[in-house]
1. Under a 1.4 Å probe, what is the accessible area of the chain per residue, stated in Å²?
2. Pop a pseudo-label 7 angstrom from the Cα along the beta-carbon direction at both Q122 and N170 and give the gap in nm to one decimal.
3. So how do 112-119, 172-179 stack up, highest first, on mean other-Cβ count within 10 Å?
4. Hey, with R₀ at 30 Å, roughly what FRET efficiency would T28 and S134 work out to, going by the Cβ-Cβ distance, to 0.05?
5. Expressed as a whole percent, how much of the Cα-Cα distance distribution for the stretch 36-150 exceeds 22 Å?
6. Any chance you could run the full-extension gain for F179 through A102? It's 0.36 nm times the residue separation minus the Cα-Cα distance, nm to one decimal.
7. In the chain, carbon and sulfur make up what percent of the accessible area (probe 1.4 Å)?
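The values are calculated or read from the model by the stated rules, or taken from the named source; none is laboratory data. Computed from a predicted structure; not experimentally measured. Positions of Cβ are backbone-derived with ideal geometry, glycine not excepted, and every protein chain shown enters the neighbour counts. Accessible surface is based on the protein model in full, side chains and every heavy atom, while ligands, DNA and RNA are left aside. Shrake-Rupley method; radii C 1.70, N 1.55, O 1.52, S 1.80 Å.
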Amino acid sequence: LFKMLVNSAPSLSGRTYANFEWAIPSGTQSPTGTGALSIDNLTITTGNLNINLTAGGISIKGNISIASGTTLGFSPASANTLTFNGTSAQVISRLGTLTLGANEAVVIANTGSPTASVTFNQAQTVSGSMTVNSGSILATNATLTLAGTPAINGSFQINQGGWATGGTWNYGAGGTLIF
């Protein structure tokens, strides 16, 4: 675990972390850079973190957890990709705010067992593009609002309490809807 306790911009560009926790009581940082970033579990306990890398891509292999009153943002000034590519179920849980900006393409590339998915537990808006790769599952337990034309080449799963809206949904030849 790398736990950030000092209100300064963390070094994220070109880095790999196992588990990363942001725990700055009243701090806000917006690190930038162009190198790839890989994190297993990402936790925002206190404070606000805006990861604004503009190239190289961001890989999340585990869960994202955002505590009440905190913010996690992915809103780079130019195009970048946030990829969920774990090998088991991944959960995005938030009581705080998660911003997925227009320049942040989201790719679901989880290669876990046939039932492993990337699941949004709370309502979420994805302002940039969204792609679900073949063999991957994106699930929602609340309202998922997407912009643009989401490309579903794997499976999109609407769980009890879930809903999907926005965009023009494009299902590839192998794309499925699980309801």
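1. Numbers: 7530 Å² over 179 residues.
Normalised by residue count, the accessible surface of the chain is 42 Å².
2. So the label points at Q122 and N170 sit 3.1 nm apart.
3. Working: 112-119: 16.8, 172-179: 12.0.
Result, highest mean first: 112-119, 172-179.
4. 0.20
5. Numbers: 1584 of 6555 pairs.
When every Cα pair of the stretch 36-150 is considered, 24 percent fall beyond 22 Å.
6. Values: separation 77, 0.36 × 77 = 27.72 nm, distance 2.74 nm.
Separation in residues times 0.36 nm, less the Cα-Cα distance, equals 25.0 nm.
7. Details: 3920 of 7530 Å².
Accessible surface attributable to carbon and sulfur in the chain totals 52 percent.
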